[in-house]
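Report on the structure given below.
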Amino acid sequence: RFRFFFARVPSRDLGSAVVDVMATLVLPDKKGLESTVAEVRLLLDGLAKSIVGSSDAVQALSSSAPDLARDIPVCAVFSVAFFAVNWGLRLVLVEPLVASLFGMKPAKVRKFAQSVMEALFYGGFTSIGVFVVPSQPWVWPSNKWWNGFSAGGHEIMRADLRCYYIMYISRYVQMVFSVLLEPKRKDFFEMLLHHFVTVVVTYVSYVYGWNRVGVVTMLLLDPADVPLHLAKVCKYSYEATKRKIWQTLADRLFELFALSFFVTRLVMYSYVVSSACIEGMHHIPEPGIQGWTCLALLCTLLVLQLYWMFLIMKVAIRLLKGTSVEDVRSDDESSPRSGDERGKVTLPREPKGDGVWRAVYAVSVLAVFARQARVAYSTRGGVESILTELQVLLGGLTTVIVGGSQAAAKLTYSAPDIPRDSAVFVVFTVVLFTLNWGMRLLLVEPFVRSVLRLRRAQLAKYAQSVMEAVVYGGFMLIGLRVVPSQEWVWPSAKWWIGFSDGGHEVMRSDLRCYYILYISRYFQAVLSVLLEAKRKDFVEMIVHHVVTVVVIYISYVYGWNRVGVVVMVLLDPADVPLHLAKLCKYTFEATKRQAWQFVADRLFEFFAFVFFVTRLVFYGYVCWSCHIEASLYFPKGLPEWSCVALLYTLLFLQVYWFFLIIKVAIKLLRGQGAEDPRSDDEDEDESTSSAQGKSKKEETKKRK
């Protein structure tokens with residue numbers, strides 16, 4: 001189906017091109033880099049001639065059709081460059097300059113710097129688009145966008161247009177990552193959806209010859225954002241200096257933004273969508289799946305513009321009432337405001353360098369995933385072999401879960417094969433990540449919101465605990481069926497007997513499936529932790545997930561799988577009552593029924609007991625066996641000592657978390673309710689701000 005969908009991609013399918021660019025980033029070769037550099041120079045030269053050159057020079061530019069093997073590495077170069085320029089200028093130049101000039105709080109400095117960079121990017125791309133797009137011979141009337149499409153040739157573009165196209169999609173690719181690092185806004189998911197849809201529609205229109213309507217759309221989407229971000233800059237300047245001139249400029253710029261938004265994104269862009277639906281279908285009687293995809297995405301963008309126009313109208317109404325302009329997509333952590341918003345909770349500000357480390361962390365994780373995807377691409381047999389391997393693994397796992405150890409005798413055995421297993425790992429990671437966030441956003445959060453009517457932060461934590469309980473419980477049940485059915489599970493000496501003779505790396509299909517599922521689950525957790533509500537032990541949680549992934553990988557590859565699966569079984573059970581206790585606690589806070597708090601306390605006591613038994617006693621014995629008992633059967637090399645060191649790292653984390661558990665246990669003994677000791681940072685700030693509000697009210701009463 002994928003091959004059919006991307007049948008018109010020149011010379012390669014999408015999968016090979018994407019994997020090639022991942023390999024270029026992770027394992028570049030000299031020839032590929034030279035060709036990429038030459039292509040970048042060609043495109044930038046064509047763009048420069050289109051902007052500053054004569055009309056004859058523009059007409060003399062070379063033209064070519066898309067070639068993903070050539071264009072995607074160029075897109076990767078531009079994406080990295082834009083990401084570096086965006087965050088480099090912001091952190092090194094704009095934020096220090098703004099902080100020294102205005103003396104703003106760190107949260108305001110970040111928002112000021114973000115608006116400055118957004119204004120520069122949108123203004124720059126608007127200027128480029130104004131030079132490039134009108135110089136094309138087919139720009140108007142709109143029927144020229146479609147004339148001759150069926151005959152072919154629409155995919156051929158001039159060098160300046162290709163450069164503008166690739167730079168545009170590269171800019172939005174880096175924005176998809178940057179939106180995770182920005183101060184979170186009320187329309188976070190709408191913005192993420194907008195960026196993602198823009199990337200997809202730009203790519204599809206670029207590859208399948210819809211570039212004429214594509215560049216017109218690109219040109220229309222940028223101009224309105226320039227006065228918007230300039231208005232924000234003026235508003236932040238007014239808040240810092242209290243000079244009315246800044247507020248006046250902000251109001252006038254917002255009026256200009258509203259006018260330009262209405263003209264470009266509603267009137268003109270609506271015409272573009274209608275042209276695609278009516279004129280396009282007249283000239284393209286059979287648009288194919290790629291044509292329908294473009295139409296659907298163009299309509300999705302139009303719906304988003306209508307949503308944002310609704311937000312703009314809310315601000316316009318405030319202006320008519322004499323209230324100063326304000327970004328209706330305000331940060332969730334913005335400070336309390338006057339009027340009816342006074343007294344609202346102020347969420348915490350992250351440390352100044354936290355965004356940089358999150359960016360480095362995200363890029364590192366994606367680089368590892370790209371490396372595994374490249375390895376997976378080298379699998380012999382292609383998609384058919386991957387599907388066959390998935391059937392073998394999932395069939396073996398199902399056989400053991402349903403039939404037990406007796407049915408497991410018929411299963412096949414195999415040693416690790418990195419290209420084959422990497423392909424399965426990539427599939428499992430994508431599926432688990434999609435299931436996790438898909439169920440959370442589309443099922444759990446809407447249902448809980450309608451039943452309990454929790455606040456935004458509590459709702460996100462509730463949905464997170466539901467999914468964590470489901471995932472930990474599911475993997476616990478799988479592990480309790482798979483691991484005890486192995487013939488070497490106990491006593492622990494069987495983990496090591498015969499290791500030096502070889503053969504320990506050979507595993508039954510159900511065990512291999514459990515292993516790859518487990519590492520895939522933790523790898524998607526490494527990404528998901530960036531999207532979760534931030535907790536006090538954020539760094540410890542990242543270390544835990546990364547160490548778990550590494551130790552599972554090493555144990556899988558180097559034959560330590562017997563002790564590896566024992567560790568996997570021991571780490572899951574305690575988290576099930578923990579997250580169930582959280583759910584009861586959140587339900588109590590919403591309903592004020594003491595029964596929920598009572599159940600939460602009992603579940604927490606059960607969690608503390610299970611944690612102590614499985615993660616300190618049993619897991620401590622596993623570490624002893626790996627360190628001491630294993631030495632009786634074979635000498636340890638670098639892989640073995642690496643496993644031992646990583647296992648002790650996990651043990652130290654368990655000790656740290658047990659210290660937090662003891663703190664909660666002491667609160668329980670004092671008669672206080674159980675509470676997650678790794679609470680979100682905003683919880684503390686919320687209680688602090690509410691306490692401060694109460695104390696201020698008491699002081700006011702005393703003065704009166």
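The values are calculated or read from the model by the stated rules, or taken from the named source; none is laboratory data. Predicted, not measured: the structure shown is a model, and the values here were computed from it. Every residue, glycine among them, receives a Cβ derived from its backbone with ideal geometry; neighbour counts consider all protein chains shown. SASA here: full protein model, heavy atoms, side chains in, ligands and nucleic acids out. Shrake-Rupley method; radii C 1.70, N 1.55, O 1.52, S 1.80 Å.
A few comments on the model shown:
- Residue ID - modelled with the lowest pLDDT, chosen from residues in the range 546-586 that are open to solvent by 10 Å² or more (accessible area, probe 1.4 Å) and among the hydroxyl-bearing types (S, T, Y): Y558
- Check on R420, open to solvent by 30 Å² or more (accessible area, probe 1.4 Å), assigned to a helix (DSSP H, G or I) and either in contact with a Cys (Cβ under 6 Å, 6 or more places away or on another chain) or free of Cβ contacts under 8 Å to residues at least 40 places away in the same chain (or both): no
- The range 139-161, subset exposed (fewer than 15 other Cβ atoms within 10 Å of the Cβ) and under 38 Å from the mean Cα position of the chain (by Cα), residue farthest from V52 (Cα to Cα): G152
- Out of F102, F121, sole residue that is open to solvent by 20 Å² or more (accessible area, probe 1.4 Å) and modelled with pLDDT of 85 or more: F121
- Members of the range 402-417 that are surrounded by 16 or more Cβ atoms within 10 Å (Cβ to Cβ) and not in a loop (DSSP other than H, G, I, E, B): A407, A408, S414
- Filtered by the rule that a residue be under 30 Å from V400 (Cα atoms), surrounded by fewer than 20 Cβ atoms within 10 Å (Cβ to Cβ) and in contact with a helix residue (DSSP H, G or I) (Cβ under 6 Å, 6 or more places away or on another chain), the range 445-475 gives M467, A469, G473.
- Number of residues in the range 89-126 that are touching a residue at least 24 places away in the same chain (Cβ under 8 Å) and small (G, A, S) equals 5.
- In the condition set (1) open to solvent by 10 Å² or more (accessible area, probe 1.4 Å); (2) at pLDDT below 80, H194 is compliant with all but (1).
- Some residue of the range 649-662 being in contact with a helix residue (DSSP H, G or I) (Cβ under 8 Å, 6 or more places away or on another chain), among the aliphatic types (A, V, I, L, M) and at pLDDT 85 or above: yes
Okay, residues lined up against (1) over 18 Å from F433 (Cβ atoms); (2) in contact (Cβ under 8 Å) with a residue 60 or more places away in the chain; (3) not β-branched (V, I, T); (4) not in a helix (DSSP H, G or I):
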position: F475; (1), (2), (3), (4): no, yes, yes, no
position: P484; (1), (2), (3), (4): yes, yes, yes, no
position: I497; (1), (2), (3), (4): yes, yes, no, yes
position: S500; (1), (2), (3), (4): yes, yes, yes, yes
position: Y514; (1), (2), (3), (4): yes, yes, yes, no
position: Y518; (1), (2), (3), (4): no, no, yes, no
position: R521; (1), (2), (3), (4): no, yes, yes, no
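- The listed residue being under 30 Å from V204 (Cβ atoms), touching a strand residue (DSSP E or B) at 6+ places or on another chain (Cβ under 7 Å) and open to solvent by 60 Å² or more (accessible area, probe 1.4 Å), out of S63, S35: S63
- Selection of first residues in the range 47-58 that are free of Cβ contacts under 8 Å to residues at least 12 places away in the same chain and of second residues that are surrounded by 10 or more Cβ atoms within 10 Å (Cβ to Cβ) and basic (K, R), restricted to Cβ pairs under 8 Å at least 6 apart or on distinct chains, gives the following pairs, ordered by first then second residue: A57/K49.
- When residues in the range 204-259 are screened for being under 27 Å from S275 (Cα atoms), open to solvent by 30 Å² or more (accessible area, probe 1.4 Å) and not in a helix (DSSP H, G or I), 1 of them pass.
- Qualifying residue in the range 258-267 (condition: modelled with pLDDT of 85 or more, more than 30 Å from H154 (Cβ to Cβ) and β-branched (V, I, T)): no
- Filter pass, A590 being in a helix (DSSP H, G or I), over 23 Å from W657 (Cβ atoms) and either open to solvent by 10 Å² or more (accessible area, probe 1.4 Å) or in contact with a His (Cβ under 9 Å, 6 or more places away or on another chain) (or both): yes
- Single unsatisfied condition, R508 versus (1) under 25 Å from F618 (Cα atoms); (2) in contact with a Gly (Cβ under 9 Å, 6 or more places away or on another chain); (3) open to solvent by 30 Å² or more (accessible area, probe 1.4 Å): (3)
- Apart from one condition, P137 fits all of (1) under 23 Å from A60 (Cα atoms); (2) free of Cβ contacts under 8 Å to residues at least 12 places away in the same chain; (3) assigned to a helix (DSSP H, G or I); the exception is (3).
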